[in-house]
Structure formats: C-alpha cells, structure tokens
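FYI, it's all coordinate maths here, none of it is from the lab. From a predicted model like this one, the values you see are computed outputs, not experimental measurements. Virtual Cβ from ideal backbone geometry, glycine too; neighbours counted across all protein chains shown.
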Amino acid sequence: MATRSGTCDGRWRHAGAVALRVLAAVPGGYLVSYALTAGLAALLPLERPDAALVATLPSFAIYLGILLWTFATPRPGRLWLGLLLLAALAVAVAGWPGEGRP
C-alpha cells in the first residue's frame, strides 16, 4: 500500500523483516542444526551408528534454540552473521560432505 507521497509504508518493511527472520529460522536453523549434529557426531569417540544417535538427541534442542534466537535478536545482520559463523564452524569440525570418518 502506498502513502500519499508514493512510497511504501512501514507495513511492507515490517513484513519483509519478518519474512527474512522466518527464512533464517526455518531452513537456516535446520541447516545449522544439521551441521552441528554432523560435527558432534564426527567428534564423538563412538562407533558411527552410536555417534549419529547420540549426536541427534541434542539437535532438537539446538534447532529450537536457533528458532528462538532468530526472533530474539534485535539486528538481522547480527543474526545472519551468527548463523553463518555457526555453520562454518560446524562444517570445519565435521569436514566437507563426503569426507569424515571411514
């Protein structure tokens, strides 16, 4: 909706900010929690199936924490930077896809 001056009003800006947070929360949170789970599984000194099972258990809490964090962070730039840093750290620990433990 346009105002008298012809510019968009604040509703569209707010809707865009919420859409970016939802995008960060749902697929971004899933990818980061997956990467952290893979990194934890690579670090655990267990057999592969056991390490995967043990690493998957906290993944639900990690995902919930990321979901809550995306809407609690006041600045979207800090949110995206934090998600990228967490994902980069987890990928560095787990190794690139296809690599890792034999």
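Close Cβ contacts (under 8 Å, 6 or more residues apart or on different chains) running from residues in region 73-97 that are within 13 Å of Tyr34 (Cα to Cα) to residues that are in a loop (DSSP other than H, G, I, E, B) comprise Ala94/Gly100.
Looking at region 79-102, can you tell me whether even one residue there is exposed (fewer than 11 other Cβ atoms within 10 Å of the Cβ) and either part of a helix (DSSP H, G or I) or touching an Asp or Glu at 6+ places or on another chain (Cβ under 6 Å) (or both)? Looking for residues that are exposed (fewer than 11 other Cβ atoms within 10 Å of the Cβ) and either part of a helix (DSSP H, G or I) or touching an Asp or Glu at 6+ places or on another chain (Cβ under 6 Å) (or both), one finds none in region 79-102, hence no.
Note on region 5-46: residues that are in a loop (DSSP other than H, G, I, E, B) and closer than 14 Å to Pro58 by Cβ amount to 1.
In region 61-75 there is no residue that is in a loop (DSSP other than H, G, I, E, B) and more than 30 Å from Val18 (Cβ to Cβ).
Within region 29-72, restricting attention to residues that are touching a Leu at 6+ places or on another chain (Cβ under 8 Å) and among the aliphatic types (A, V, I, L, M), the residue that is surrounded by the fewest Cβ atoms within 10 Å (Cβ to Cβ) is Val54.
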